[in-house]
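Please read the structure below before turning to the comments.
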C-alpha cells in the first residue's frame with residue numbers, strides 16, 4: 001500500500017491508525033541529480049529546486065509519507081530556486097516537514113572562534129526558509145559545528161551549546177518550528193553521544209521548542225538500550241532508522257539493530273512522532289524493501 005503525501009504534521013485522512021498511534025514514515029534525501037526526471041509541467045523549474053523535487057517524487061513513488069532534506073540544501077538555494085521550490089510545495093503534492101544537518105562546520109558553536117552574530121544570522125535565515133517551505137522540525141546533529149575543541153574547557157563548551165539552544169528556542173518560536181537534538185556516537189562527535197545525555201540537556205533547559213531525536217545507528221554504536229526511549233517519551237519527536245554500517249533496515253538480518261524491540265518500546269511509549277530512514281545505501285534500490293520490512297514489523301507490533 002502506498003501512503004499519500006500530506007503536509008500536515010499528522011493527518012488522519014492519509015495515515016493509518018495502529019493501536020492508537022498514527023505513524024508517518026519518511027526518508028532522508030541527499031541532494032543530488034541521481035533521481036529520475038519529474039513530469040512535464042514541473043520540468044522548467046531551476047536546476048537545484050528541480051533536483052529536490054525529483055527526489056521527493058521518487059520517494060512518493062516508493063511509498064514514503066514525507067521527505068527529509070539537509071538544511072544546507074535549502075540554505076544554498078538562490079532566491080529563484082527558493083521561490084520555485086516553495087511554489088511547488090504549496091501545491092501539496094510533496095511534503096518536507098523535517099530538515100537535518102542544521103549548522104555547517106564552518107560556523108563553530110564551541111571554542112574560541114564562535115561568531116555569535118554569524119550564527120544568529122544563519123539560524124534566522126534558515127528557519128525563515130524552512131517555515132516558508134512548511135517545515136516543522138529541524139534536527140541538530142551538526143557534529144562538526146558542535147564538537148568541543150581539544151584543550152577547550154568542556155564546561156565552557158557546554159555553556160556555549162546551551163546558549164545556542166536558547167537562541168534556537170527563541171527563533172523557532174517565531175517560525176513555529178521545533179529543534180530536535182540528535183545524539184551522535186563518539187566516532188562522529190565528542191559531545192552529546194547518547195540519548196540519555198540529550199535527554200538530560202532537554203530536561204535541564206526546559207525550553208518548549210527544544211526536543212530530542214533518537215537514531216538507531218548511533219544508539220547501536222554506543223550500545224545504548226532502547227529502554228531509554230521510555231524515559232525520553234515526553235520529549236522524543238523524531239526517530240532515525242538505520243541498521244549497523246548505515247545500511248537500510250532489513251539489509252543485514254544477522255545482528256545489528258533490533259527493530260522489533262524498537263517497535264515494541266515505541267508502542268509502549270505511545271510514540272506519535274515521525275520515523276525516517278537515514279542510510280548510506282542506494283535509495284532507489286534499497287529503500288522500498290526497507291520500508292516494507294519496517295512497516296511489516298510496525299503493523300504486527302501495533303496489532304499485538
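The values are calculated or read from the model by the stated rules, or taken from the named source; none is laboratory data. Predicted model, so just to flag it, every value in this text is computed and none were measured. Neighbour counts are summed over all protein chains in view; Cβ atoms, including those assigned to glycine, are modelled from backbone coordinates with ideal geometry.
What number goes with the only condition from (1) in contact (Cβ under 8 Å) with a residue 12 or more places away in the chain; (2) more than 25 Å from residue 193 (Cβ to Cβ); (3) not in a loop (DSSP other than H, G, I, E, B) that residue 272 does not pass?
(3)
Take segment 281-304 and flag every residue that is touching a strand residue (DSSP E or B) at 6+ places or on another chain (Cβ under 9 Å) and loosely packed, with under 14 Cβ neighbours inside 10 Å.
303
Considering segment 221-243 alone, what residues qualify as being touching a helix residue (DSSP H, G or I) at 6+ places or on another chain (Cβ under 6 Å) and under 21 Å from residue 25 (Cα atoms)?
Listed by number, the residues that qualify are 226, 229, 232, 235, 241, 242.
Restricting to segment 149-190, what's the tally of residues that are surrounded by fewer than 22 Cβ atoms within 10 Å (Cβ to Cβ) and out of contact with any strand residue (DSSP E or B) (no Cβ under 8 Å at 6 or more places or on another chain)?
Number satisfying all stated conditions: 29.
Quick one: residue 110 ticks every box in (1) assigned to a loop (DSSP other than H, G, I, E, B); (2) exposed (fewer than 13 other Cβ atoms within 10 Å of the Cβ); (3) modelled with pLDDT of 90 or more except a single one, so which number is it?
With (1) assigned to a loop (DSSP other than H, G, I, E, B); (2) exposed (fewer than 13 other Cβ atoms within 10 Å of the Cβ); (3) modelled with pLDDT of 90 or more applied to residue 110, the lone miss is (2).
If a residue must be assigned to a helix (DSSP H, G or I) and farther than 26 Å from residue 219 by Cα, how many such residues does segment 131-155 contain?
Selection size over segment 131-155: 2.
So, of the residues in segment 265-280 that are surrounded by fewer than 16 Cβ atoms within 10 Å (Cβ to Cβ) and more than 15 Å from the chain's Cα centre (by Cα), which turns out to be modelled with the lowest pLDDT?
Once the filter is applied, the top-ranked residue is 270.
Can you name every residue in segment 244-264 that is under 20 Å from the mean Cα position of the chain (by Cα) and assigned to a helix (DSSP H, G or I)?
Of everything in segment 244-264, those that are under 20 Å from the mean Cα position of the chain (by Cα) and assigned to a helix (DSSP H, G or I) turn out to be 244, 245, 246, 259, 262, 263.
Report, by residue number, each residue of segment 231-261 that is surrounded by 14 or more Cβ atoms within 10 Å (Cβ to Cβ) and within 13 Å of residue 199 (Cβ to Cβ).
Hits for segment 231-261 are 231, 232, 233, 235, 236, 237.
Restricting attention to segment 57-84, and to residues there that are in contact with a strand residue (DSSP E or B) (Cβ under 7 Å, 6 or more places away or on another chain) and not in a helix (DSSP H, G or I), which single residue is surrounded by the fewest Cβ atoms within 10 Å (Cβ to Cβ)?
Filtering first and then ranking leaves 70.
Go through segment 168-185 and give me each residue that's touching a helix residue (DSSP H, G or I) at 6+ places or on another chain (Cβ under 8 Å) and under 19 Å from residue 144 (Cα atoms).
Within segment 168-185, 168, 179, 181, 182, 183, 184, 185 qualify.
Scan segment 113-130 residue by residue and report those that are in a helix (DSSP H, G or I) and in contact (Cβ under 8 Å) with a residue 24 or more places away in the chain.
119, 120, 122, 123, 124, 125, 126, 127, 128, 129, 130
Take residue 12 and tell me if it is farther than 23 Å from residue 287 by Cα, assigned to a loop (DSSP other than H, G, I, E, B) and modelled with pLDDT under 95.
Against the criterion (farther than 23 Å from residue 287 by Cα, assigned to a loop (DSSP other than H, G, I, E, B) and modelled with pLDDT under 95), residue 12 qualifies.
Going through segment 191-206 one residue at a time, which ones are in contact (Cβ under 8 Å) with a residue 12 or more places away in the chain and either part of a loop (DSSP other than H, G, I, E, B) or surrounded by 18 or more Cβ atoms within 10 Å (Cβ to Cβ) (or both)?
191, 192, 193, 194, 195, 198, 199, 201, 202 - these are the residues of segment 191-206 that are in contact (Cβ under 8 Å) with a residue 12 or more places away in the chain and either part of a loop (DSSP other than H, G, I, E, B) or surrounded by 18 or more Cβ atoms within 10 Å (Cβ to Cβ) (or both).
For residue 218, which of the numbered conditions (1) within 23 Å of residue 97 (Cα to Cα); (2) in a loop (DSSP other than H, G, I, E, B); (3) free of Cβ contacts under 8 Å to residues at least 40 places away in the same chain fails to hold?
(2)
Considering only residues that are out of contact with any strand residue (DSSP E or B) (no Cβ under 6 Å at 6 or more places or on another chain) and on the phi < 0 side of the Ramachandran plot, which ones fall in segment 209-228?
217, 218, 219, 220, 221, 222, 224, 225, 226, 227, 228 - these are the residues of segment 209-228 that are out of contact with any strand residue (DSSP E or B) (no Cβ under 6 Å at 6 or more places or on another chain) and on the phi < 0 side of the Ramachandran plot.
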